[in-house]
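Structure, as structure tokens:
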Amino acid sequence: MKDQPKQPVCVVIGVGPGNGAAFARRFGLAGYQVALLARQIDYTNTLAKEINGSRAYACDVTDAASVERVFSSIHHEMGDVNTLIFNAGAGIWKSVEEITPEEFEQSWRVNALGSLLVSQQVIPVMKKNRLGNIIFIGATASRRGGAKTAAFAPAKAAQRSLAESMARHLGLSAVHVATVIIDGVVDTPSTRKMMPEKSDNYFVQPDDIAEVVFNLTQQPSSTWSSEIEVRPFGEVW
């Protein structure tokens, strides 16, 4: 009897009750094994029980040793990574006069350095297999700096530039790299609590973002998108 082929592997980095969980559920529904990465695994352990073929891993994306250790475990326990979704983000909302050097560096380490470290773990096998998707979840702050985004905007801009460089470099190796710029407030229990007066069309729905991201990974190589924007109808832009 022939061995059954393994299900493809999707790694979601930065899994919480909003977008991260929605990504995990959508790819799990499509038959992927899903690796759920977060700094703490209390939530991801619970989520893993809901999604067949999923596993929870504790990972600090700013720590090269932690990233290498976790991806080694994923490779041995689940197989080659087919899709990587980088959803981790450090949002520090302060002006240039308020931000500390430590906060500025931490935002860069999560959003930019973290993106580099995890990408370097999956690129070799994706190139070898000539198959792979690396998707970064970006923000409008990557395009313009608001008064209170003195740390966040430079960090997301660095991430966006890294993604563009990667897309240019890896396209010929059949690795699809793309950024999804979310322009809006994601609908989570915490954002609803902070903005109880806002109507439904003010918020970005995690399940809808997940569908966009999944479809992005299914694009034929002749029509790859390297960057797309998503926003709710109620968002001012």
Residue in region 172-179 that is part of a loop (DSSP other than H, G, I, E, B), farther than 15 Å from ALA90 by Cα and either aromatic (Phe, Trp, Tyr) or more than 14 Å from the chain's Cα centre (by Cα) (or both) present: yes
Positions within region 124-142 being modelled with pLDDT under 95, within 15 Å of ALA178 (Cα to Cα) and among the hydrophobic types (A, V, I, L, M, F, W, C), in sequence order: ALA139
All positions within region 124-149 that are among the hydrophobic types (A, V, I, L, M, F, W, C) and outside any strand (DSSP E or B): VAL125, MET126, LEU131, ALA141, ALA147
The lone exception for SER165 - which of (1) part of a strand (DSSP E or B); (2) over 21 Å from ASN19 (Cα atoms) it fails: (1)
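Regarding MET166, is this residue in contact with a strand residue (DSSP E or B) (Cβ under 9 Å, 6 or more places away or on another chain), surrounded by fewer than 18 Cβ atoms within 10 Å (Cβ to Cβ) and of a type outside the set (Lys, Arg)?
No: the conditions fail for MET166.
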Complete set of residues in region 17-53 that are in contact (Cβ under 8 Å) with a residue 60 or more places away in the chain and either in contact with a Cys (Cβ under 8 Å, 6 or more places away or on another chain) or closer than 24 Å to SER72 by Cβ (or both): GLY20, PHE23, PHE27
Selection within region 65-108 - surrounded by 16 or more Cβ atoms within 10 Å (Cβ to Cβ), touching a helix residue (DSSP H, G or I) at 6+ places or on another chain (Cβ under 8 Å) and of a type in the set (Gly, Ala, Ser): ALA88, GLY89, ALA90, SER107
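The values are calculated or read from the model by the stated rules, or taken from the named source; none is laboratory data. Computed from a predicted structure; not experimentally measured. For neighbour counting, all protein chains shown are included, and Cβ atoms are generated from backbone atoms with ideal geometry for every residue, glycine included.
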